[in-house]
């Protein structure tokens, strides 16, 4: 496990290719093809041998007595002080609530007007079907993948992993899952959610589910570990989730300098045993939370009519309740992840049409002012603790789909709108209990507070004037 699979492949191809080039007559195409076939077979044989050796080494680590690790409780969020439950507008007397009281009026989009979902493939023998955020998905799932361990002892966990490693069906399922992640626009976290959904459909016992998730993630190159809870005596799935970013509200373990978060099984926050630190897994990839593509789950089934007051326009934005459920299942993380995430294609199409029309009538700075006023006044304010009972950061589409939003939610929507439709850079401005933004307009950097109704560009809520803050860049 101390070698990198990719490095081995590159080295083999480079070395063998040079040898093949020196032995082949370029004018002899038959000889050239035969030589390349031998070269390719040699590469495959070398890689298979290395893979088997690495699996044997890893199996030895699994079979050895596991080490006890301490579980740490994650932070609840980035704020050091509670957010204000009310914010007054510039024209409102102190102590009064915000004037932004937009009602939550939502319309259901008739099924006949919704964009078609991806057609499911026909069900065949040896397949498993799952419901995944509004979609029915089918995967090849032969009986060999339903293997279970005799117990949760180290030796039986090692035998399970070895048995699964010897079947090729797992590789086919890896490919299908990876293609589904790309097709649906999921972030890497979605790969785990797909595997978990399959596990919950295929296995009744939760230990079997955890083992299946562990094998599917680890064998596909993710930093995944299996643990055994000290209190629950049940298996726990541990995932390294983008250690370059803070992940809040999840308990975690520190193993080989990496945070592994407890995401499935066992008892929340309990200490656990896992295989020891001699297993070098630094070459494996961590589970990312950023979106590289537009989320494309079920078609938009709801729409909300909103007012662009300064432009005297109404804007109808569709959204997908399936998207909202998916976003809700992503761990809480740092603000730039939310600021960069776009909306569904239908909402972006509506916004593109409206912004193209407005750009004919207003300059860029005026457009920023229109968007700021829109985000300030089109949505009613309520902190997460009052709406959900816990801290929750919104992705831009969630601001449209929920009746209330607070400061970081509005900032995410405003920053995304300005970056995408005006083209200006935006940064977050973090106070101990509040988040605002600053827009870079040429050499000028203007404060913009999307939660301060009626406040123009350059104006921050009076409570924060002259107070220190942290700048949060958006890559």
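The values are calculated or read from the model by the stated rules, or taken from the named source; none is laboratory data. The model shown is predicted, which means the values in this text are computed figures rather than measured ones. Every residue, glycine as well, gets a Cβ built from its backbone with ideal geometry; the counts of neighbours run over all protein chains shown.
Within the range 286-303, is there a residue that is out of contact with any helix residue (DSSP H, G or I) (no Cβ under 9 Å at 6 or more places or on another chain) and within 30 Å of residue 59 (Cβ to Cβ)? Scanning the range 286-303, I find at least one residue that is out of contact with any helix residue (DSSP H, G or I) (no Cβ under 9 Å at 6 or more places or on another chain) and within 30 Å of residue 59 (Cβ to Cβ), so the answer is yes. Looking at residue 334 and the list (1) crowded, with 20+ Cβ neighbours inside 10 Å; (2) more than 28 Å from residue 105 (Cα to Cα), which single condition is not satisfied? Result: residue 334 passes all but (1). Among the residues making up the range 62-110, those that are more than 31 Å from the chain's Cα centre (by Cα) and at pLDDT 80 or above are 63, 64, 65. The single condition from (1) in contact with a strand residue (DSSP E or B) (Cβ under 8 Å, 6 or more places away or on another chain); (2) more than 24 Å from residue 309 (Cβ to Cβ) that residue 390 fails is (1). Does residue 350 satisfy being out of contact with any strand residue (DSSP E or B) (no Cβ under 7 Å at 6 or more places or on another chain) and either touching a residue at least 24 places away in the same chain (Cβ under 8 Å) or surrounded by fewer than 20 Cβ atoms within 10 Å (Cβ to Cβ) (or both)? No: the conditions fail for residue 350.
Here's the yes/no breakdown for (1) surrounded by 14 or more Cβ atoms within 10 Å (Cβ to Cβ); (2) at pLDDT 90 or above; (3) more than 24 Å from residue 236 (Cα to Cα):
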site	(1), (2), (3)
112	no, no, yes
119	no, no, yes
130	yes, yes, no
145	yes, yes, no
178	no, yes, no
193	yes, yes, no
196	yes, yes, no
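Against the test of being farther than 24 Å from residue 62 by Cβ and either under 21 Å from the mean Cα position of the chain (by Cα) or assigned by TED's automatic domain parsing to the domain that holds residue 204 (or both), the options 170, 126 yield a single qualifying residue, 126. For the range 353-378, a tally of residues being surrounded by fewer than 19 Cβ atoms within 10 Å (Cβ to Cβ) and either assigned to a loop (DSSP other than H, G, I, E, B) or not assigned by TED's automatic domain parsing to the domain that holds residue 440 (or both) returns 4.
Condition check ((1) more than 13 Å from the chain's Cα centre (by Cα); (2) buried (at least 19 other Cβ atoms within 10 Å of the Cβ); (3) assigned by TED's automatic domain parsing to the domain that holds residue 454; (4) at pLDDT 95 or above) across all residues:
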{"position": "267", "(1), (2), (3), (4)": "yes, no, no, yes"}
{"position": "270", "(1), (2), (3), (4)": "yes, no, no, yes"}
{"position": "282", "(1), (2), (3), (4)": "yes, no, no, no"}
{"position": "287", "(1), (2), (3), (4)": "no, yes, no, yes"}
{"position": "290", "(1), (2), (3), (4)": "no, no, no, yes"}
{"position": "302", "(1), (2), (3), (4)": "yes, no, yes, yes"}
{"position": "320", "(1), (2), (3), (4)": "yes, yes, yes, yes"}
{"position": "325", "(1), (2), (3), (4)": "no, no, yes, yes"}
{"position": "338", "(1), (2), (3), (4)": "no, yes, yes, yes"}
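Scanning the range 147-176 for residues that are buried (at least 18 other Cβ atoms within 10 Å of the Cβ) and in contact with a strand residue (DSSP E or B) (Cβ under 8 Å, 6 or more places away or on another chain), we see that the one that is nearest to residue 276 (Cα to Cα) is 157.
Would a scan of the range 451-469 turn up a residue that is surrounded by 24 or more Cβ atoms within 10 Å (Cβ to Cβ) and part of a strand (DSSP E or B)? No.
The lone criterion from (1) part of a loop (DSSP other than H, G, I, E, B); (2) touching a residue at least 24 places away in the same chain (Cβ under 8 Å) left unmet by residue 318 is number (1).
Residues in the range 215-233 that are outside any strand (DSSP E or B) and touching a helix residue (DSSP H, G or I) at 6+ places or on another chain (Cβ under 6 Å): 215, 216, 220. Looking at this structure, is residue 409 in contact with a helix residue (DSSP H, G or I) (Cβ under 8 Å, 6 or more places away or on another chain), outside any loop (DSSP other than H, G, I, E, B) and more than 24 Å from residue 79 (Cβ to Cβ)? When the stated conditions are applied, residue 409 does not pass them.
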